[in-house]
Amino acid sequence: MRDAGGEITSKAQKVHDVIIVGGGPAGLTAGLYLARARMDVVLWEKDMPGGAPALTERIENYPGFPGGIPGIELAERMRQQAEEFGLAIKPFCPMRSMRREDDLLVVMGEEGEEAARAVILAMGMRPAQLGVPGEKEYHGRGVSYCATCDGAFFRDAVVAVVGGGNSAVEEALFLTRFASRVVIVHRRDRLRASRILQERVLRNPKVEIRWNRVVKEIRGDGKRVHSLVLASTESEELEEIPVQGVFLYVGNIPNTEAVRGFLELDERGFIVTDEQLMTNVRGVFAAGDVRKGSVWQVAGAVGDGVRAALNAQYYVEELKGIAYR
Ligand code: NAP
């Protein structure tokens, strides 16, 4: 809205140039670029900044770190670097919804709202649930979606990892440090994970792969998981295997509930953008895993963060009538 003097104002108290939602690699990179451009930028993060890398034991395919780097260290370095240039980060500040007020965008949270001329959505994605009996009941009592967080609780135990993608295989390999045996349960006869991970997992003596199997049920004694019921995808065969832990890596769901109905999502809930990474809502950009077409890589998220930041900067400068290009 405009006040009597024609100035853009908002019911929300302060008007930033850009609000970034999400503090993973995409959001932190966008924040680094915008802070260096001396824009008024604030980053809302629902937990602590770091995103998916902070929950990854080691990252080997982010350029510049031969030998790899612990995910938590990479995440921490990204946060530190962005803050060095003045990025304001608000931890434990989840976005609940968004609305437009003329040229402004208002981001609403649990404890209030803030307005900006542009918004970069970088909320990432979270692990999908399998939806089998026992999964909810034993979550935190044997069922986990994060080996990096919970793996150490399974020292000398037998654990199962469900899925055949990069996450499942990487985390299965990580779990071999603690568990006496790791059983990968995969619904096909071939892994989806990259070749180097396949080579490693196939030659690891602690790993056994149950091919062409799906999980029917996670069983326990009421307190903790004690077994998995598997069904063959090729026959009627059912089997019960004893395990103390089950790690689920069966895909991911974008964190877009807060913007559902406000902007265009694809059929899986990922945010649709144009070449500038702008959504169908003017001034709202998306970057990283949450974006349709993402390559779901840390390096890809960083690239998205740069593109979204520069395009958001040009958009804001045009809006303010100070375009330099
Ligand atoms: P993903 O690639 O989507 O793999 C999910 C796995 O779960 C697939 O093997 C899939 O089987 C299986 N699956 C899905 N639904 C299932 C169900 N209902 N029951 C049983 N199995 C089911 O997910 P992700 O591994 O989390 O990876 C997500 C993205 O991040 C990918 O693009 C990946 O490359 C990337 N990523 C990269 C790295 C890395 O570069 N180091 C690490 C982690 C993730 P099918 O194979 O039969 O479909």
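The values are calculated or read from the model by the stated rules, or taken from the named source; none is laboratory data. Because the structure is a prediction, the values reported are computed rather than measured. Cβ placement follows ideal geometry from the backbone for every residue including glycine, while neighbour counts extend to all protein chains displayed. Surface accessibility is based on the protein's heavy atoms, side chains included, excluding ligands, DNA and RNA. Shrake-Rupley method; radii C 1.70, N 1.55, O 1.52, S 1.80 Å.
Summary of values
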quantity	calculated
Nearest-0.05 FRET efficiency for LYS136 and GLU237, computed from C-beta distance (R0 30 Å)	0.70
Helix 166-175 axis, angle to the chain major axis (alpha carbon atoms, nearest 10°)	60
For a label point 7 Å along the Cα-to-beta-carbon line of PHE153, residues of region 118-133 with backbone N under 19 Å	127-133
Two-site label geometry, TRP211 and CYS146: point separation in nm, points 7 Å out along Cα→Cβ	3.4
Fraction of alpha-carbon pairs over 13 Å apart in region 273-325 - percent	56
Residue-normalised accessible area of the chain, given per residue in Å² at a 1.4 Å probe	49
Share antiparallel - DSSP beta bridges, the chain, percent rounded to 5	50
Cα-based shape type of region 129-248, given that a ≥ b ≥ c are square roots of the gyration tensor eigenvalues and the cut on a/c is 1.5	oblate
Rotationally averaged projected area of the chain (alpha carbon convex hull; nm²)	18.5
Stretchable slack from LYS14 to SER194, in nm (0.36 nm times residue separation minus alpha-carbon distance)	60.2 nm
Cα-only radius of gyration and Dmax that characterise region 1-158, units Å	19.3, 71
Accessible carbon and sulfur surface of region 129-248 relative to its total accessible area, %, 1.4 Å	46
Rounded to 10°, Cα long-axis angle of helix 71-84 versus longest principal axis of the chain	10
C-alpha long axis of helix 298-320 to longest principal axis of the chain, angle in °	20
Number of Lys pairs (Cα under 15 Å; 8 or more positions apart or on different chains) in the chain	4
Region 127-151 versus region 169-193: alpha-carbon centroid distance in Å	15
